[in-house]
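Q: Got a structure here, written out as structure tokens. Questions coming.
A short reminder: the numbers here are calculations on the coordinates, not readings from a lab. Computed from a predicted structure; not experimentally measured. So basically every Cβ, Gly included, is an ideal-geometry build from the backbone, and we count neighbours across all protein chains shown.
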Amino acid sequence: MSHEQPFSLVITGARLVDGTGAAPVEDATLVVGGDGLVVHAGPGDRAPAGPAARTVDAGGRTLLPGFIDTHVHLGVESARQMVRRFEQDSTVEVFRTAERLRATLHAGVTTVRDLGGLPAGYRTAVERGLTEGPRIHTAVRILSHTGGHADFTSECGFDPSSGMGEIADTPDEVRLAVRRLLRSGADVIKVCATGGMSSPYDQPDDEGLTEEEIRTVVEEVARHGGRPVAAHAQGTAGILNAIRGGVTSVEHGYGMTARARELAGERGTFVVPTLSTVFDGIDKATMEPHHYEKKVRWSSITKENISAAIAEGVRIAMGTDAAMVPHGRNLRELTHLVALGMTPLQAITAGTRTAAELLGLDGETGTLEPGKRADLVLCEGDPLADIALLADPANVVLVAQAGEIRKNGLGA
Ligand SMILES: [Zn+2]
């Protein structure tokens, strides 16, 4: 960049929703420095002037922080394919995963947390610019007890998931498992505190790791510099074990009763309700029968408990469980959060600032404020008036990461 161009990107004429939860600013200007960090995000008449390498006229569209999906499985195409991974050619799978990364980025998601099935090499590949994709935090594999949610082994002893699980059954084994996951490059540890919907041999109400084992995971991670611990937890007993064990987030949380919500509030535990996977695509024709039956039963329980969690102000971060629902439609989740009681502004905050807090990245991304990375999206229309606009990737006309434009549908 030459000395004559101190700014890498300037966007003018935008309705700015900055992700902090503040009211929108009309006719705003965003100025990005040569280092990819935000210099100014606010009223246009207060923006610093100077030449920029690139200028974009937002034309009244809405400028938002890049979204963060805190629960995806980018290494897996679908629930059905998860138990047929052994059939995949591993080289072809790398290219298919790269396609899913690009589709997710182009849907407006500039950062993801992958909670099982994505090797850390994908994080490195995105960092080095070998492929385009959201910035990645990955759990690599899923920690579960023998026969638990992430033990896909069939009755005849065959693992069709090709090693998505990390199996441990005692506190000592759990410590060892955490060490193996850290060695594999995990940014977050994913534990199974209950059974689940997609697993054939258990139920959401079945308990997974014990409270003691979960506490051991949290301790072992803390002894190695600390990282978030995410608990797959659907039934009430397992949710309580997870919160008492000290996890950072309860994933799914369908059985979050009043007691569990109260405890989450006291402990500051995040909840990632993955409503897309509860309410989208329930289809008898395409789903495994056990998966279909569980989903129908749990959708009404979820509606009741998550609506209450929203009303009570539990810390909710956006996550979809993409793979269980199609990739690249991540921002449909915002529509579901609004349907259960959030305002559009609250839903956007759940997918930006709160999600960044959950990942420990709130010093860097999640809001458009001076000093933050210019991870952003430009959306047609006003999503505060119609949150469903964001659900259609065609309306996400511009996506940038640290000021670098990754998608440009403006034709300019
Ligand atoms: Zn998941």
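Q: What percent antiparallel are the DSSP beta bridges of segment 22-158, to the nearest 5?
A: 40 percent
Q: How much net charge surrounds residue 390 when only the other residues with a Cβ under 13 Å from the Cβ of residue 390 are counted, with Lys and Arg +1 and Asp and Glu -1?
A: Once all neighbours under 13 Å are counted, the net charge is -3.
Q: Give the aspartates and glutamates reachable from residue 372 as a straight Cα distance under 17 Å; neighbours fewer than 8 places away on the same chain don't count.
A: Straight-line reach from residue 372, under 17 Å: 18, 35, 357, 362, 364, 404.
Q: Could you please report the charge total around residue 295, scoring K, R as +1 and D, E as -1 over all other residues with beta-carbon less than 12 angstrom from its beta-carbon?
A: -2
Q: Residues with beta-carbon under 12 Å from that of residue 344, excluding residue 344: net charge, scoring Lys, Arg +1 and Asp, Glu -1?
A: Result for the local shell: -2.
Q: Based on a Kirkwood Rh over C-alpha pairs, give the Stokes-Einstein translational diffusion coefficient of segment 67-330 at 37 °C and viscosity 0.692 mPa s in µm²/s.
A: For the chosen part, D equals 181 µm²/s.
Q: Straight-line reach from residue 284: which aspartates and glutamates have a Cα under 14 Å away, not including same-chain ones fewer than 8 places off?
A: Cross-link targets: 293.
Q: For the pair residue 93 and residue 385, how long in nm is the line joining their label points, each one 7 Å along Cα→Cβ?
A: Between residue 93 and residue 385, the label points sit 4.7 nm apart.
Q: Starting from the Cα of residue 303, draw a straight line to each of the lysines and keep only those under 17 Å, dropping any in the same chain fewer than 8 residues away.
A: Residue 303 reaches 294, 295.
Q: Of the trypsin sites (Lys or Arg not before Pro) in segment 185-286, which ones lie in a loop per DSSP and count no more than 14 other C-beta atoms within 10 Å?
A: The qualifying sites are 223, 284.
Q: Out of all DSSP beta bridges with both ends in the chain, state the antiparallel percent to the nearest 5.
A: Antiparallel: roughly 45 percent of the beta bridges in the chain.
Q: How big is segment 228-335 by the Kirkwood estimate over distinct Cα pairs, in Å?
A: 14.0 Å
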